[in-house]
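Written out below as structure tokens is the structure these notes cover.
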């Protein structure tokens, strides 16, 4: 009987000591080490890849896309279609998981692709309507958008629905409209896009891209 109690007490004591040691190592030392390394070597990424405006205010993350829409005419109407604010560069569409999703416009509640086939009627209509809108919105008295020049990312959402980037081709289509709306010279806006165009990673991974939030943040500083 005494041996049983003694063995049980010894096992409990060993378990408690193991718990204490592992708690210190895994719950204190390891998180502190990882946090220290992240803050020291990858400070920007560890803190969410934040983008700040000229005044130092955080305006978002370079990893998550945003919308640039005009204020709703009727904020209480959930079915009111958002109208893009055309003085800003526009991101790619964000249909999220489709019309039944709570994530239809860069909401962080849920993300995902539309998962519709290429011949799906809803998808075909979305793409057709988006292409017509791109042509209409970006054509100015001195510049006409050729429908054949509208790139795929201008009319389709990404796999996550949260893509922060657009292609240089889509940015180029928007240059004249942005310049006109902000009373800027086209050359100024062209340079702005060029300065914010990122090439392929290591020269061969991915495609050239433009971060819309970074570009619009720079545009805002330019038009002040």
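Please go through region 200-224 and give me each residue that is part of a helix (DSSP H, G or I) and more than 16 Å from the chain's Cα centre (by Cα), ordered by number. Full working, then the answer.
So the first thing to find is which residues in region 200-224 are part of a helix (DSSP H, G or I), and the list is 212-223.
Of everything in region 200-224, those that are part of a helix (DSSP H, G or I) and more than 16 Å from the chain's Cα centre (by Cα) turn out to be 218, 219, 220, 221, 222, 223.
Just to be sure I understand, how many residues within region 1-49 are assigned to a loop (DSSP other than H, G, I, E, B) and closer than 30 Å to residue 62 by Cβ?
The qualifying residues number 4.
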Out of region 150-170, which residues are at pLDDT below 95 and in a helix (DSSP H, G or I)?
-> 152, 153, 154
Those residues that are part of a helix (DSSP H, G or I), out of contact with any strand residue (DSSP E or B) (no Cβ under 7 Å at 6 or more places or on another chain) and surrounded by fewer than 20 Cβ atoms within 10 Å (Cβ to Cβ), I need them from region 173-199; list them, please.
-> 181, 186, 187, 188, 190, 191, 194, 195
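The values are calculated or read from the model by the stated rules, or taken from the named source; none is laboratory data. For clarity, every value in this text was computed on a predicted model and none was experimentally measured. Because the Cβ atoms are built from the backbone with ideal geometry, glycine has one as well, and the counts that use them run over all protein chains shown.
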